[in-house]
1. Taking θ = phi - 60°, what integer Hz values does the Karplus form 6.51 cos²θ - 1.76 cosθ + 1.60 yield along region 213-226, in sequence order, with x for Gly and Pro?
2. Using amide H atoms built 1.01 Å from N in the peptide plane, name the residues 5+ places from T32, or on other chains, whose amide H lies under 5 Å from its own.
3. If you place +1 on the Cβ of every Lys and Arg, -1 on the Cβ of every Asp and Glu, and leave all else neutral, what size is the dipole of the chain about its Cα centre, to the nearest 20 Debye?
4. Taking Cα atoms, how many degrees apart are the long axis of helix 164-177 and the longest axis of the chain, rounded to 10 and kept between 0 and 90?
5. Return one number: the angle in degrees, 0 to 90 and rounded to the nearest 10, between the long axis of the Cα atoms of helix 37-46 and the longest principal axis of the Cα atoms of the chain.
6. Jot down the per residue volume, in cubic angstrom and as a whole number, of the convex hull over the alpha-carbon atoms of region 136-216.
7. So what's the angle, to the nearest 10 degrees on a 0 to 90 scale, between helix 148-159 and the longest Cα principal axis of the chain?
8. Straight-line reach from K291: which lysines have Cα under 23 Å away, leaving out those fewer than 8 places along the same chain?
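All of the numbers you see were taken from the coordinates with simple rules; none came from a lab. Bear in mind the structure is a predicted one, so any value in this text is a computation, not a measurement. Don't worry about glycine lacking a Cβ; one is built from the backbone with ideal geometry, like all the others, and counts go over all protein chains shown.
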Amino acid sequence: MDTGAHGHEPVLLDEVIRLLAPRSGQTLLDCTIGRGSHAAAIARFLGPRGLVLGVDVDPENLAYVQKRFIDIPVECRLFHGNFCELPEVLAAASREGVDMILADLGVSTNQMLSVRCGLSFSMDGPLDMRLDPRIKRTAADLLATLTERQLADLIFHNAQERHSRRIARAIVQTRRSMPIATTRQLAEIVRRAAGPVRHGRIDAATRTFQALRMAVNQELENLQMLLDALPRLVNPGGAAVVISFHSGEDRLVKQAMRRWQDQNRGDILTAHPVTPAHTEIQRNPRSRSAKLRAVRFAGPANVPVGDPPAPAWPGGFPVRHAS
Ligand SMILES: C[S@@+](CC[C@H](N)C(=O)[O-])C[C@H]1O[C@@H](n2cnc3c(N)ncnc32)[C@H](O)[C@@H]1O
């Protein structure tokens, strides 16, 4: 995949824009701004009177976005924080609500490829997995301290790994003789415990790595807190799009959106989750498990879903402000 100079190809970008239907002068809260690829594309519709509020747990991604937005004529304010802290972010930005919220869950390509993050077993590196440097416990800490039962439950609950008990037993047996500290070491332990992988299946270690990353970063807990707060953060008529990458996340998003609709707080815009077309998956294999769901909240500014108008300033304006 060619991620270009920006390090992350935005998933389902056309659908995100169609469903958020950004208009000139509106405010986007991108609560997983990553490398800013979605936000930069949406900013073209907001124009110089628009505002992008960007949140991320990863300061390196925020530093990258700050530079990237210097050339984009929209006001952009960036916050290092967790999306479970959005009410505090809005207060810091002196805003009561926003017109659009985007949550593109998981990790960006540059994080996946970073040896420092230790998210991938394709390169050897420390078993860290913390996206936010404020987090205290690394993946290696969890492997060293959780009981066999806790490890098995974590691997099963977060990633539906059917060999979770065998893998947990192998982890506990190995750590009696040596600490489990690197990505390659863990991948080999898991592969040995889970047995050979049938042709065409994902690597046996993939699910265990996903489960550990979710535990280190408390991904499901944070997502639930985001969903609990979200309706109060969007202006009447505003929209929210959430892109998830595994079934545990998608279930929480589906349940929350159904609840909002049942409570007459908004309308679900996606009867079924939107998934990438074959061509997008070929171009960007990381998009293959993406599921997008969207909701528009009730209110006077409600606008029909359709093709958004042309960008407010296709040719570009001078830089207004980037902070
Ligand atoms: C898939 S990437 C987003 C990519 C982005 N849409 C783009 O176009 O570049 C997910 C981002 O969310 C961040 N993230 C993950 N969990 C988060 C959380 N709980 N709060 C805030 N940011 C989070 C990650 O650090 C990562 O930068």
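1. Each residue's phi maps through the Karplus curve to give 4, 5, 6, 4, 9, 6, 5, 5, 5, 5, 4, 4, 5, 4 Hz.
2. Residues meeting the amide H criterion: V55, D104.
3. Computed charge dipole of the chain: roughly 900 debye.
4. 60
5. 10
6. Details: hull volume 6.6 nm³, N = 81.
Dividing the Cα hull volume of region 136-216 by its residue count gives 82 Å³.
7. 40
8. K254
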